[in-house]
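Here is the structure we will look at.
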């Protein structure tokens, strides 16, 4: 099949969306399909077999130069003008503006592709793509409304709550678009149920397609010694959703009794409160931030760690949990969202938001090599059985075929 895949934010190593795009497109290509990614900034790094069509935005949320204002001539483009207006109103504009750019980019190319696949953009332009006669499938990782409510619950001022409500103004658009799209993919039963209950989507339109892990890179490395007391967590952000604050409190409890070190794969956001929290907890010398690494380097960090932790308050799937299991790293997760479904009996599971329970679960794995060994073996077996990219790609193609059958060329 000839696939036009839409990815409005495509960082190849940070965040589930970029990782999903990179690995799914490679797996689709390995099955013999022809994939072209229509990508927004930051652009993805793709397999050589996968073509990339760049759809430049105003890039108003760039990491190096936040709040860069566009040249006036760029605002002559009506999509750019809309993006800028929404941005100045403190909203997150990219899902809407990218979807409109994608529709414009696909116009006149109906004979070049069999199906369009959107990844979590869910912007209003997708409805226009369907109106233009395209078979369209959309991946919906989980309702962003859950992120919004967790952030609002953690906000301490009225001004911050107002800012968050404006920022998350795109959520209602995503709900409306999702209700109207005929074919949706999501990665877990939990995410599927939440999309139905939170967004009002018809469950008959949702296909369950679990995500995968590169099991040739994320592998146990018996030649690499695990460092005593080394704990690892992966987070693309320090939003309340990810539970990083709870993990830091748990590490502080453990540090009062033993030598532990935490490596955080990621980096704090601008104006983040996490670095000051680390200092207040007195664990500054025990926490390392690592970012800008590829999958092989990430797998090496997992190999060195004695315990991996996913402390999230919600997950629609959790690629970090699956990657840790694939590496055979003993794992602790919370019972939030899809995490219990992802890990089964291959990890220790604790209640979300409970630093004491998290510390106790990590302590048990540090002290009990038999339990740690069981978690390690069970994790690798579970990934090989359930979560591989070839299986994800094959199931995704099944959904493509349903869409194409409904909207023939």
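The values are calculated or read from the model by the stated rules, or taken from the named source; none is laboratory data. Predicted, not measured: the structure shown is a model, and the values here were computed from it. Don't worry about glycine lacking a Cβ; one is built from the backbone with ideal geometry, like all the others, and counts go over all protein chains shown.
Does segment 366-383 contain at least one residue that is within 22 Å of the chain's Cα centre (by Cα) and surrounded by fewer than 23 Cβ atoms within 10 Å (Cβ to Cβ)? Among the residues of segment 366-383, at least one is within 22 Å of the chain's Cα centre (by Cα) and surrounded by fewer than 23 Cβ atoms within 10 Å (Cβ to Cβ), which makes the answer yes. Pairing residues of segment 52-75 that are assigned to a loop (DSSP other than H, G, I, E, B) with residues that are surrounded by 14 or more Cβ atoms within 10 Å (Cβ to Cβ) and at pLDDT below 85, at Cβ distances under 6 Å and at least 6 apart in sequence or on separate chains, gives 58/70. Of the candidates 178, 138, the single residue that is within 22 Å of residue 406 (Cα to Cα), buried (at least 19 other Cβ atoms within 10 Å of the Cβ), in the same structural domain as residue 21 (by TED's automatic domain parsing) and touching a strand residue (DSSP E or B) at 6+ places or on another chain (Cβ under 6 Å) is 138.
Step by step: first the residues of segment 216-254, then only those that are in a helix (DSSP H, G or I) and closer than 28 Å to residue 388 by Cα, then the one that is modelled with the highest pLDDT. Which residue is that? Reasoning before the result, please.
Keep residues of segment 216-254 that are in a helix (DSSP H, G or I), which gives 240-242, 244-254.
With closer than 28 Å to residue 388 by Cα added as a condition, the list becomes 241-242, 244.
Numbers: 241: 85, 242: 90, 244: 94.
That would be 244.
Look through 166, 160 and report the one residue that is over 20 Å from the mean Cα position of the chain (by Cα) and in contact (Cβ under 8 Å) with a residue 60 or more places away in the chain. Of 166, 160, the one residue that is over 20 Å from the mean Cα position of the chain (by Cα) and in contact (Cβ under 8 Å) with a residue 60 or more places away in the chain is 166.
Determine which member of the set 131, 149 is without any contact (Cβ under 8 Å) to a residue 12 or more places away in the chain and under 27 Å from residue 105 (Cβ atoms). Working first, answer last.
Working: 149 fails: under 27 Å from residue 105 (Cβ atoms).
Of the residues listed, the single one that is without any contact (Cβ under 8 Å) to a residue 12 or more places away in the chain and under 27 Å from residue 105 (Cβ atoms) is 131.
Counting only helices (runs of 4 or more DSSP H) that sit wholly inside segment 298-409, those with at least 3 residues that are in contact (Cβ under 8 Å) with a residue 24 or more places away in the chain and either within 28 Å of residue 24 (Cβ to Cβ) or out of contact with any helix residue (DSSP H, G or I) (no Cβ under 9 Å at 6 or more places or on another chain) (or both) are 319-326, 339-343, 369-386, 389-406.
Taking the listed residues 224, 213, 196, 219, the one that is under 16 Å from the mean Cα position of the chain (by Cα) and either under 19 Å from residue 342 (Cβ atoms) or surrounded by fewer than 22 Cβ atoms within 10 Å (Cβ to Cβ) (or both) is 213, with no other qualifying.
For the structure I just gave you, tell me whether residue 285 is part of a helix (DSSP H, G or I) and over 23 Å from residue 327 (Cβ atoms). Considered against the rule, which asks whether it is part of a helix (DSSP H, G or I) and over 23 Å from residue 327 (Cβ atoms), residue 285 comes out as yes.
For segment 10-29, taking the residues that are out of contact with any helix residue (DSSP H, G or I) (no Cβ under 6 Å at 6 or more places or on another chain) and assigned to a loop (DSSP other than H, G, I, E, B), the one that is modelled with the lowest pLDDT is identified as 13. When 335, 326, 348 are checked against the criterion of being surrounded by 24 or more Cβ atoms within 10 Å (Cβ to Cβ) and touching a strand residue (DSSP E or B) at 6+ places or on another chain (Cβ under 8 Å), 326 stands alone in meeting it.
Considering only residues that are out of contact with any helix residue (DSSP H, G or I) (no Cβ under 8 Å at 6 or more places or on another chain) and part of a helix (DSSP H, G or I), which ones fall in segment 182-208? Once the filter is applied, which keeps residues that are out of contact with any helix residue (DSSP H, G or I) (no Cβ under 8 Å at 6 or more places or on another chain) and part of a helix (DSSP H, G or I), segment 182-208 yields 191, 193, 197, 204, 205. Can you find a residue in segment 347-369 that is at pLDDT 95 or above, under 27 Å from residue 21 (Cβ atoms) and not assigned by TED's automatic domain parsing to the domain that holds residue 26? Yes - at least one qualifying residue is present in segment 347-369.
Applying the criterion of at least 2 residues that are over 30 Å from residue 246 (Cα atoms) and in contact with a helix residue (DSSP H, G or I) (Cβ under 8 Å, 6 or more places away or on another chain) to the helices (runs of 4 or more DSSP H) found wholly in segment 93-174 leaves 94-106, 125-131.
Here is a check on your reading of the model: is residue 395 under 30 Å from residue 206 (Cβ atoms), in the same structural domain as residue 150 (by TED's automatic domain parsing) and over 19 Å from the mean Cα position of the chain (by Cα)? Lay out the reasoning, then the answer.
On the way: under 30 Å from residue 206 (Cβ atoms): yes; in the same structural domain as residue 150 (by TED's automatic domain parsing): yes; over 19 Å from the mean Cα position of the chain (by Cα): yes.
In short, yes.
Mind listing whichever residues of segment 311-342 are over 16 Å from the mean Cα position of the chain (by Cα) and farther than 21 Å from residue 195 by Cα? Answer for segment 311-342, where residues must be over 16 Å from the mean Cα position of the chain (by Cα) and farther than 21 Å from residue 195 by Cα: 325, 326, 327, 328, 329, 330, 331, 332, 333.
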